[in-house]
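S.K.: One structure coming up, written as structure tokens, with questions to follow.
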Amino acid sequence: MKTIVICAGGTLGHIMPGIAFSKILKQENTKIVFITGVKDKRFDEFINSGKIDEIYYYDIDGLNRKKLISNIKNIFKILKTIKKIKTCILDSVIKDTLIIGMGGYISAIVIKVAKKLGKRIIIHEQNIVMGLANKLVYKDASLILSAFPLDNIDSLVIGNPRMFEARKCIKEKKKKEIL
């Protein structure tokens, strides 16, 4: 069975395109695993609307650029979480695994772990300027997808995965209008 791990966190701007990918990539013999942060449980209704088989929430935060002391606590959380993510990737995933990073603080950590485990990695950047998490890991990715052309970074411009959902909705609406 092929497993696709989608990691996204922090905002719906990262999570919703990740969910769109889950809908696009879900096939009969494919397991979709979604990894995000505990704080992102507030987006549960959106996350559960995807074609996701397993969801993992990890208790870590992004870097706080204003409160540097809070980052020290966060480093310990990250170290603890790395072990859990490693176990998750190794346990739920056999050999045929693809990791898709959508951005957000947790995405960078999952991708760094996946790289050490020798997994295939793709990242997607939804913005015209690459975010911090993707900046930290884009060299680890075998493919960089983007919504817009990125300066000085070779990427395949596919747009935002949410576009596919929007097009589908428009087609369905037009069908209803015709009938």
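No value in this document is a laboratory result; all are computed from the given coordinates. Since the structure is predicted, the reported quantities are computational estimates derived from the model, not experimental observations. Reconstructed Cβ throughout: ideal geometry from the backbone, glycine too, with neighbour counts over all protein chains shown.
S.K.: To the nearest 0.05, how large is the calculated FRET efficiency for ASP154 and LEU132 if R₀ is 25 Å and r is the Cβ-Cβ distance?
M.R.: 0.80
S.K.: Using the Cα centre of the chain as the reference point, and only Cβ charges (+1 on K/R, -1 on D/E), how large is the resulting charge dipole? Debye, rounded to the nearest 20.
M.R.: Approximately 220 debye in magnitude.
S.K.: So for the chain, averaging the separation of alpha carbon pairs under 8 Å that are six or more residues apart and normalising by length, what relative contact order in percent results?
M.R.: Once divided by the residue count of the chain, the mean separation gives 22 percent.
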